[in-house]
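Written out below as structure tokens is the structure these notes cover.
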Amino acid sequence: MFFKECDDYVDGGVLANNPSETGLTAVQEHFHSRGLPLTIAIVVSVGTGIYPAEELGRIDVQDFMFFGKQWLSFQDTVKTRAMNLIQLLSNALVESETVAMNTKARCEGQGTPYYRFSPKLAETVATGETDNKILINMLLSTIVKTVPRMEDIRIQFSRIAEATQKERFRKRRAL
């Protein structure tokens, strides 16, 4: 879901489509600005889904530099490739999995366990999609793929709980 601009406000997804990284930064800044020690026990990130890769067509910057005799053909080429570039940038804007990978690396560097749950989707759903049929199909598809994996998910959450308890115990011993 993506919300249109309202007055001077823009959807947070434009800045932080995966809020775990932004949340980590905010928590660290809060504690450090007050001179307080901070150890994060665990980070759990829940995604909205991983979309299948799309072929966008060519995006060749050199084609934008050509001003030859075939001007009409050139205009069509520029328009098509510009649209491909815009689509690529739009996809990058809402791509949260790259941010999730960076957040995971950051957590690992700090010794913080990181868990990410994000279903693989069969088709791409537009950022501003409002068609209930499409949204319901996305939800049902996620449920259908998740139900057979419930035991795996239960095991993962058990590991999260266990890691959290171990971290708490370790912190108490360190005091």
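Each reported figure results from applying straightforward, stated rules to the coordinates on display, with no laboratory input. As the structure is a computational prediction, the values presented were derived from the model and not from experiment. A quick note on method: Cβ atoms are made from the backbone with ideal geometry, for glycine too, and the neighbour counts reach across all protein chains shown.
Overview of results
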item: Out-of-range pairs (alpha-carbon distance over 30 Å; input Lys104/Lys171; Lys104/Lys166; Lys104/Lys133); result: Lys104/Lys133
item: Long-range HN-HN contacts of Ser45 with modeled amide H, under 5 Å; result: Tyr115, Arg116, Phe117
item: Estimated dipole of the stretch 125-175 in Debye, rounded to 20 [Cβ of Lys and Arg +1, of Asp and Glu -1, Cα centre]; result: 620 debye
item: Under 5 Å, built H, 5+ apart or other chain: amide partners of Ile50; result: Lys120, Leu121
